[in-house]
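Participant: Got a structure for you, questions after.
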Amino acid sequence: MEIDILSEIFFSVDIETSGPNPGQYSLLSIGACTIDARRSTFYVEMQPVNDEMTPESFAIHQLDLQQLRENGLPPRIALENFESWILSELSSNSRAVFVAFNAPFDWMFINEYFQQYLGRNPFGHSAIDMKSFYMGLTGVDWSLTSMRFVGQRYLGNKVLSHNALEDALHQADIFEQMLAEARSIL
């Protein structure tokens, strides 16, 4: 039996939301970039699906729901644009791989929105979690996988802005360094 192995195109994805779960809160912005030398990028701000916002979420990103209602894209159009961009980065023999720092959170919103608005997810049903990758690479305890520690090791003094695109770009830098480190061990 011959296995058809597709090349993998890694996409660093970061999001900002109005709260901790997609069933109750809105996906407000998506930032993404390819994890390669080209650093092709995507960014969109979206209309919220309701008026729910936790104070903690607002304190992180300070996105205004009224401004997004007026200027953000409707979720369906935003997801169509995101999917089109992802597919434009792939060749006929490659597949998209979702990579995020705390991937369970980001992937949960992305998957819910793709499924709800398009009925499909171009990333499929899996993702690479950078925190878990870092734990496996270094052998540190889970408590030492926060951005406070990982960012210090790979980004120096850079601080995340909580702009989804800027953070996706920083995540891509971190993941490239972690991959290089992992490959040097092999």
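The values are calculated or read from the model by the stated rules, or taken from the named source; none is laboratory data. Predicted, not measured: the structure shown is a model, and the values here were computed from it. Please note: Cβ atoms are built from the backbone with ideal geometry, for glycine as well, and neighbour counts cover all protein chains shown. Ligands, DNA and RNA are excluded from the accessible area calculation, which covers all protein heavy atoms including side chains. Shrake-Rupley method; radii C 1.70, N 1.55, O 1.52, S 1.80 Å.
Participant: Name every residue in region 4-38 that is touching an Asp or Glu at 6+ places or on another chain (Cβ under 7 Å), among the β-branched types (Val, Ile, Thr) and open to solvent by less than 30 Å² (accessible area, probe 1.4 Å), in order of residue number.
Facilitator: Val13, Ile15, Thr34, Ile35
Participant: Go through the residues of region 142-154 one by one and say whether even a single one is buried (at least 19 other Cβ atoms within 10 Å of the Cβ), of a type outside the set (Lys, Arg) and in contact with a strand residue (DSSP E or B) (Cβ under 7 Å, 6 or more places away or on another chain).
Facilitator: no
Participant: Another question about this same structure. How many residues are charged (D, E, K, R), surrounded by fewer than 19 Cβ atoms within 10 Å (Cβ to Cβ) and free of Cβ contacts under 8 Å to residues at least 60 places away in the same chain if we restrict to region 97-130?
Facilitator: Taking region 97-130 first, the residues charged (D, E, K, R) are 106, 112, 120, 129.
With the extra rule that they be surrounded by fewer than 19 Cβ atoms within 10 Å (Cβ to Cβ), the set shrinks to 112, 120.
From the residues that got through so far, the ones that are free of Cβ contacts under 8 Å to residues at least 60 places away in the same chain too are 120.
Within region 97-130, residues that are charged (D, E, K, R), surrounded by fewer than 19 Cβ atoms within 10 Å (Cβ to Cβ) and free of Cβ contacts under 8 Å to residues at least 60 places away in the same chain number 1.
Participant: I've got another one for you. Here are Ile60, Ile77: which of them is under 17 Å from the mean Cα position of the chain (by Cα) and open to solvent by 40 Å² or more (accessible area, probe 1.4 Å)? Talk me through it step by step, then tell me what you get.
Facilitator: Numbers: Ile77 fails: under 17 Å from the mean Cα position of the chain (by Cα).
Result: Ile60 is the single residue among Ile60, Ile77 that is under 17 Å from the mean Cα position of the chain (by Cα) and open to solvent by 40 Å² or more (accessible area, probe 1.4 Å).
Participant: Next up: Is at least one residue of region 86-95 open to solvent by 30 Å² or more (accessible area, probe 1.4 Å), assigned to a loop (DSSP other than H, G, I, E, B) and without any contact (Cβ under 8 Å) to a residue 12 or more places away in the chain?
Facilitator: Yes, the conditions are met somewhere in region 86-95.
Participant: Could you list, in sequence order, all residues of region 1-50 that are modelled with pLDDT of 95 or more and among the β-branched types (Val, Ile, Thr)?
Facilitator: Hits for region 1-50 are Ile9, Val13, Ile15, Thr17, Ile30, Thr34, Ile35, Thr41, Val44, Val49.
Participant: Whether any residue in region 41-56 is more than 30 Å from Ala180 (Cβ to Cβ), open to solvent by 80 Å² or more (accessible area, probe 1.4 Å) and not in a helix (DSSP H, G or I) is what I want to check.
Facilitator: Yes.
Here is a yes/no grid of residues against (1) assigned to a helix (DSSP H, G or I); (2) modelled with pLDDT of 95 or more; (3) charged (D, E, K, R):
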| residue | (1), (2), (3) |
| --- | --- |
| Tyr113 | yes, yes, no |
| Tyr117 | yes, yes, no |
| Phe123 | no, yes, no |
| Met135 | yes, yes, no |
| Val140 | no, yes, no |
| Arg148 | yes, no, yes |
| Tyr154 | yes, yes, no |
| Asn157 | no, no, no |
| Leu160 | no, no, no |
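Participant: List the residue pairs whose Cβ atoms are under 7 Å apart, where the first residue sits in region 29-43 and is closer than 23 Å to Ser18 by Cα, the second is of a type in the set (Ser, Thr, Tyr) and not in a strand (DSSP E or B), and the two are 6 or more positions apart or on different chains.
Facilitator: The qualifying pairs are Cys33/Ser40.
Participant: Take region 155-175 and flag every residue that is open to solvent by less than 60 Å² (accessible area, probe 1.4 Å) and more than 17 Å from the chain's Cα centre (by Cα). Give the steps one after another, and end with the answer.
Facilitator: Our first condition is that a residue be open to solvent by less than 60 Å² (accessible area, probe 1.4 Å); within region 155-175, this holds for 155-156, 160-161, 163-165, 167-175.
Matches in region 155-175: Leu155, Gly156.
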